Amino acid sequence: MSSPLSPALAGFLLLASIPVHAQSIVFEERFDGGLPATWTNVPTPTLDPWAPGYTWVNGTPDIHHEWYCHNGFSFRDNNLLSPPINLSGLTRATFTCEQFQQYPLSINYNAIEVTTDGGQNFTVIHQVTAPPAGFSVIQVDMDAFAGLPSVQIGLHYRGTIANDWSIDNVRILTTNPLLAIQNLVAGSTATFDVRGAGPGNTVHFGVSLAGAGPTTTPFGIVNMSPPITRLPVQIANANGSASVDARVPPGLLGRTIWSQAIERFAGGGGEPSNSLVLTVQ
């Protein structure tokens, strides 16, 4: 007769049965073209705001906040706010960026913050506390914000003297599969693409004209209201990608569609993709 598994071993086997996916990029800003117009210095006007940097982070264009510039010892309090990022449908998210610090022992306040109400309120998800001078990577769990439709990242600098902070390659990553829809044009054929699924797993695609849900289905909760049209099931290839084509009726011109995909695991269970709200062109 076999002996029972210890709780620790049983837990390990349960974790081992859950597919582990590579992280896919939900949002990325590399600042290769300088400081984008979609990023906002808050408040405005400010003393010596965030500006294009000096390639200190990794040798490519970056952004930078310094302590001196033209205003000497004046106190700076500048928060650089990203554009809204849609994390609808996701259950997991991770923030990463690369930084370069000069005079880190003089840090007053360097922090990564998140707002979900356009900048009225902020949550600190990471505060920099005197890392070694030079290059390092920041990585922070953002699961608490996964599923929300409008998430903005704030790079918040406060200081009076000495500390210089440079940032590059801001990313939000997820292990959820990611859905994209190409050529959503009335009278044409649209392509529904999923990447980041487990190779060999089935991928189910849904489309609704009725609204955003949420709706409980045999596959879990989805951000679509019934009736939900299911497109042909696909199998993720060796790269974790799956796609299906669907004809877009001419009469849908100007209509809003809600769409989401579900990845089903071979051993049971599944994973939702991001959810999309798009207008038929």
Please list, ordered by first then second residue, the pairs with beta carbon atoms under 6 Å, 6 or more apart or interchain, first in the range 34-48 and surrounded by fewer than 18 Cβ atoms within 10 Å (Cβ to Cβ), second modelled with pLDDT of 95 or more and assigned to a loop (DSSP other than H, G, I, E, B).
THR38/PRO83
Somewhere in the range 208-224, is a residue modelled with pLDDT of 95 or more, under 25 Å from ALA93 (Cα atoms) and of a type in the set (Phe, Trp, Tyr)?
no
Out of (1) outside any loop (DSSP other than H, G, I, E, B); (2) touching a residue at least 24 places away in the same chain (Cβ under 8 Å), the odd one out for GLY200 is which?
(1)
Is at least one residue of the range 141-163 within 21 Å of the chain's Cα centre (by Cα), acidic (Asp, Glu), under 30 Å from SER88 (Cα atoms) and exposed (fewer than 15 other Cβ atoms within 10 Å of the Cβ)?
yes
Could you check how many residues of the range 185-194 are crowded, with 20+ Cβ neighbours inside 10 Å and under 23 Å from the mean Cα position of the chain (by Cα)?
2
State all residues of the range 121-162 that are in contact with an Asp or Glu (Cβ under 9 Å, 6 or more places away or on another chain) and not in a strand (DSSP E or B); if no residue qualifies, say none.
PHE122, SER150
In the range 143-176, residue modelled with the lowest pLDDT [restricted to those that are among the β-branched types (Val, Ile, Thr) and touching a strand residue (DSSP E or B) at 6+ places or on another chain (Cβ under 9 Å)]
THR160
Only one of these conditions is not met by LEU87: (1) at pLDDT below 95; (2) part of a loop (DSSP other than H, G, I, E, B). Which number is it?
(1)
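The values are calculated or read from the model by the stated rules, or taken from the named source; none is laboratory data. Remember, it's a predicted structure, so these values are computed and weren't measured experimentally. Here Cβ is always computed from backbone atoms with ideal geometry, including for glycine, and neighbour counts include all displayed protein chains.
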